[in-house]
Amino acid sequence: MADATFEVFRGDRESGELLEYHVPIAPGMVVLDALHYIQAHQAPDLAVRWNCKAGKCGSCSAEVNGRPRLTCKTRLDALPLDEPITVQPMKAFPVLKDLVTDVSWNYRVNKKILPFTPRPDAEWKMNQREVDRVQEFRKCIECFLCQNVCHVLRDHDKKEQFGGPRFFVRVAGLEMHPLDSLSRTQLLKNELGIGLCNITKCCTEVCPEDIHITDNAIIPLKERVVDDFYDPVRWFLRKLAGRKG
Amino acid sequence: MTEKYETREHDILIIGAGGAGLRAAIEALAQGASVGVVCKSLLGKAHTVMAEGGIAAAMSNVDAADDWRTHFRDTMRGGKFLNNWRMAQIHAHESPERVRELEQWGALFDRTADGNILQRAFGGHSFKRLCHVGDRTGLEMIRTLQDRGVHMGFDVYMECAITRLLKDGERIAGALGYWRENGRFIVFKAKSIVIATGGIGKAWRITSNSWEYTGDGMALAYDAGAELMDMEFVQFHPTGMVWPPGVQGILVTEAVRGEGGVLTNKDGERFMQRYDPKKMELSTRDVVARAIYTEAREGRGTEHGGAYLDISHKPAEYVKKKLPSMYHQFRELADVDITKGPMEVGPTCHYMMGGIRVDAESAQTNVPGLFAAGEAAAGLHGANRLGGNSLSDLLVFGRRAGLAAAAQAKQTGPTAIDDAQVKDGTREMLEPFERSDGDSPYDVHRDLQETMQNYVGIFRNEEDLDRGLNELQKLKQRAAKVRVDGSRLFNPGWHLARDLKSMLTVSEAVALSALERRESRGAHSRIDYPNYDEQWSKLNNIIARDGETMRLRHRTIAEMPEDLKQIVEQT
């Protein structure tokens, strides 16, 4: 059986390098299979996150040949095998060890989001069409690949001012829930910094769940923010009501 | 040398952050308790996220004739009457309320035409009963619970593994664990502990389970003196992927059959006709798994030793809408378009009916202060679990465990951590680094999986089980001397070395119980004892620790009250 050559990042917070491994190719093999082979035969301490190995949990994100991917869904037969396959950790997050990164920032952002708060008079009847729209956002498996490719986070490291596509998707799921009663536009504008997104759609391109992050989540949310904060009539009404802008 | 460790204190420590753990945490928080949740992975990645088909609850939204009695009867029949009937009754009663609650916390289920929660058919359920979100119900459930818990304010210790429960005399006082990231130790002080660690599938080679499913919670409880029950009942899900090799065992949801999928052998015969002509593909999982296995063994299997499962007679759009993740999974991993042709499927180790013995009302074990819920606990499912009953199990008994653990914590005075137990625990964890020879933990794990797959699989007999037990003794010796390379920083080899110990404990309990039960019932099939045995219908196998020895005893099942008997006997 033929071998594939891998160059896998080995290192920690301080330093690291790409190390070469050879893995026998099996039919239908994915990159995560190869990483498991390397663990079992060559590098037992190779740090990799994974759980379901079926694209449902979003744990095994990494950059394969420079492209952000779920390693459990990246087939070897879709990659050029005449050159080494590089596997590196997600660049937008600090490396803990090897392919494992510190994604704890995401969990801190999530805490800021006002939870689902149903209307007091909700009768819990919904039609499938309005549910469909929100279910798209709830498909998110939190692989954080969208966060990883977002320029605002990856290149400009604005983690203090910006929530990132994952959390716009989450807010969209709440804002468009047929029975939710809150408005999160203030949060979007001030704490999650939605204005910093310049709609390059990189997040949408890498989403393994095919969520139309930019078109269906971010743009409608941006519109809501504009309506609430930059529409002169609403601005005036808000002034009258004495709410903070 | 004494290892340093940090200490954290909570009223209640919950081990495991899947559906049961999170639901327990939410309930304990609602009682005003301080709650810590420990999980081996990141929050939101627990096995619940992989549940596909739905949550079984007699909401009667689609079939008005459904009610808790029918759900109770189906569960008892599916479990071949070995279930703890009180648990089955509570479960059937409370599931609808638990589903409604999830919806009120933000979960969005598929809808009926009149706007209610839609329910689908599943094996062994008399009515359309499974509340679902396409085929990603578990994801919806775990996100809803996770966000609810986070906002209520539990402390989550992610990528942290517990290696030992600490006791103060007879009662629970805390737990010792390590951070996966840096290998440092942490001691939790707690008045009650809830074990919600799920199952044990990683002890088999072909499994739908993730790396986390190593039986930690059951082994921890066993080590602390808790009893395990019904350990012979391991569910092999009939439909796992069989090809290509890397995806072998990955789950193919029962919802495929629930939505009308048909099973055939290589001759095109719809073979379920010969095994269960009445229920066909929607027979219970034990029956369908044995049928597929038998077809393959007798030479009627597919190219890769499974059966064909076909849903392509349904409109492509319908398939993509109701089974989106199956559509993607097969297209991306197996080059199969399930809207156009059949899938190849075969049995995969999926779920543990047995586990820690608990009280039906409170989820309490026989160790004071220790509770268990979800897959880690035994009782509800008896000899075979119906699809959809696990997610409802997590909600119903997770909640009850949280409630009882909080009540217990309120009544409990201060407990003390015994430093000697901590020292012993850290010493044990660090030993593998000191060895320069010994097996790699990966090699021992591979051999364990082969042993369980070959000798403690779907069909069992005395000779195989004896041999399996014999192999397990050898593996235990090898596991006690494994060598770990590298440092304590995020070192999967080291983590596996510890997980092996848990897997070996539960594997031995499974093999021992399987050898003892000389009959076939539900998921436990003995070739040498192929029939039901009336004597065994009233007995649970109980496993407990006696010094360093694993002991097995029988426990007689309490008589069912008259009103429940009548429900069960109704046709």
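General observations
This table checks each residue for (1) over 23 Å from residue B:330 (Cα atoms); (2) in contact with a Ser or Thr (Cβ under 8 Å, 6 or more places away or on another chain); (3) of a type outside the set (A, V, I, L, M).
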| residue | (1), (2), (3) |
| --- | --- |
| A:13 | yes, no, yes |
| A:26 | no, no, no |
| A:29 | no, no, no |
| A:51 | no, yes, yes |
| A:78 | no, no, no |
| A:89 | yes, yes, yes |
| A:97 | yes, no, yes |
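- Every residue from segment B:81-104 that is within 23 Å of residue A:182 (Cα to Cα) and either surrounded by fewer than 17 Cβ atoms within 10 Å (Cβ to Cβ) or of a type in the set (D, E, K, R) (or both): B:100, B:101, B:103, B:104
- Yes/no for residue B:479 being surrounded by 20 or more Cβ atoms within 10 Å (Cβ to Cβ), under 26 Å from residue B:379 (Cα atoms) and out of contact with any Ser or Thr (no Cβ under 8 Å at 6 or more places or on another chain): no
- Residue B:115 modelled with pLDDT under 95, in a loop (DSSP other than H, G, I, E, B), within 13 Å of chain A (Cβ to nearest Cβ) and closer than 24 Å to residue B:95 by Cα: no
- Consider segment B:547-565 and keep the residues that are of a type in the set (A, V, I, L, M, F, W, C) and farther than 14 Å from residue B:226 by Cα. The one that is surrounded by the fewest Cβ atoms within 10 Å (Cβ to Cβ) is B:558.
- Selection over segment B:206-250 of residues that are within 12 Å of chain A (Cβ to nearest Cβ) and within 14 Å of the chain's Cα centre (by Cα) gives a count of 7.
- Within segment A:2-37, the only residue that satisfies the criterion of being away from chain B (no Cβ under 11 Å), under 21 Å from residue B:443 (Cα atoms) and of a type in the set (Phe, Trp, Tyr) is A:21.
- Options B:17, B:24, B:30; residue that is surrounded by fewer than 22 Cβ atoms within 10 Å (Cβ to Cβ), aliphatic (A, V, I, L, M), within 17 Å of residue B:397 (Cβ to Cβ) and in the same structural domain as residue B:161 (by TED's automatic domain parsing): B:30
- Tally, over segment B:1-58, of residues that are under 20 Å from the mean Cα position of the chain (by Cα), among the aliphatic types (A, V, I, L, M) and not in a strand (DSSP E or B): 12
- Every listed requirement among (1) under 30 Å from residue B:571 (Cβ atoms); (2) over 23 Å from the mean Cα position of the chain (by Cα); (3) crowded, with 24+ Cβ neighbours inside 10 Å is met by residue B:108 save one, (1).
- Helices (runs of 4 or more DSSP H) wholly inside segment A:128-245 containing at least 2 residues that are touching a residue at least 60 places away in the same chain (Cβ under 8 Å): A:128-138, A:145-149, A:151-154, A:165-175
- Search result, residues across segment A:90-106 that are surrounded by fewer than 21 Cβ atoms within 10 Å (Cβ to Cβ), charged (D, E, K, R) and in contact (Cβ under 8 Å) with a residue 24 or more places away in the chain: A:91
- Verdict on residue B:519 being among the acidic types (Asp, Glu), away from chain A (no Cβ under 14 Å), surrounded by fewer than 14 Cβ atoms within 10 Å (Cβ to Cβ) and free of Cβ contacts under 8 Å to residues at least 24 places away in the same chain: no
- Residue that is nearest to the chain's Cα centre (by Cα) [pool: residues in segment A:1-25 that are aliphatic (A, V, I, L, M) and modelled with pLDDT under 95]: A:2
Residues are listed down the side, and each one gets a yes or a no for (1) polar (S, T, N, Q); (2) within 14 Å of chain A (Cβ to nearest Cβ):
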position: B:21; (1), (2): no, no
position: B:37; (1), (2): no, yes
position: B:40; (1), (2): no, yes
position: B:46; (1), (2): no, yes
position: B:50; (1), (2): no, yes
position: B:53; (1), (2): no, yes
position: B:60; (1), (2): yes, no
position: B:81; (1), (2): no, no
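- Residue check, residue B:214 crowded, with 24+ Cβ neighbours inside 10 Å, among the polar types (S, T, N, Q), at pLDDT below 95 and not assigned by TED's automatic domain parsing to the domain that holds residue B:517: no
Here is a yes/no grid of residues against (1) touching a Lys or Arg at 6+ places or on another chain (Cβ under 8 Å); (2) under 19 Å from residue B:103 (Cβ atoms); (3) at the interface with chain B (Cβ under 9 Å from one of its Cβ atoms):
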position	(1), (2), (3)
A:127	yes, yes, yes
A:137	yes, yes, no
A:151	no, no, no
A:161	no, no, no
A:169	no, no, no
A:173	yes, yes, yes
A:182	no, yes, no
A:204	no, no, no
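- Inter-residue pairs, beta-carbon under 7 Å, first touching a residue at least 40 places away in the same chain (Cβ under 8 Å) and in segment B:246-261, second small (Gly, Ala, Ser) and in a helix (DSSP H, G or I), 6+ apart: B:247/B:334
- Here the condition is being free of Cβ contacts under 8 Å to residues at least 24 places away in the same chain and closer than 30 Å to residue B:46 by Cβ; of A:23, A:31, A:48, it holds for A:23 alone.
- Meeting the requirement of 2 or more residues that are within 14 Å of another protein chain (Cβ to nearest Cβ) and touching a Lys or Arg at 6+ places or on another chain (Cβ under 7 Å), the helices (runs of 4 or more DSSP H) wholly within segment B:268-366 are B:324-334.
- Scanning segment B:195-205 finds one or more residues that are over 15 Å from the mean Cα position of the chain (by Cα) and outside the structural domain of residue B:306 (by TED's automatic domain parsing).
- The residue that is farthest from residue A:181 (Cα to Cα), counting only those in segment A:107-125 that are part of a loop (DSSP other than H, G, I, E, B) and facing another protein chain (nearest Cβ under 7 Å), is A:125.
- None of B:80, B:45, B:40, B:4 is modelled with pLDDT under 95 and not small (Gly, Ala, Ser) except B:4.
- Subset tally (residues that are over 27 Å from the mean Cα position of the chain (by Cα) and assigned to a helix (DSSP H, G or I)) for segment B:388-442: 16
- Candidates in segment B:236-287 are the residues that are of a type in the set (Gly, Ala, Ser) and within 28 Å of residue A:28 (Cβ to Cβ); of these, the one that is surrounded by the most Cβ atoms within 10 Å (Cβ to Cβ) is B:261.
- The listed residues are B:475, B:512, and the only one of them that is away from every other protein chain (no Cβ under 14 Å), in contact with a strand residue (DSSP E or B) (Cβ under 6 Å, 6 or more places away or on another chain), part of a helix (DSSP H, G or I) and not hydroxyl-bearing (Ser, Thr, Tyr) turns out to be B:512.
- Selected residue [outside any strand (DSSP E or B) and on the phi > 0 side of the Ramachandran plot] from B:217, B:246, B:260: B:260
- Enumeration of residues in segment B:536-549 that are touching a residue at least 12 places away in the same chain (Cβ under 8 Å) and not hydrophobic (A, V, I, L, M, F, W, C): B:537, B:538, B:540, B:541, B:545
The values are calculated or read from the model by the stated rules, or taken from the named source; none is laboratory data. Since this is a predicted model, take the numbers as computed values, not measurements. Positions of Cβ are backbone-derived with ideal geometry, glycine not excepted, and every protein chain shown enters the neighbour counts.
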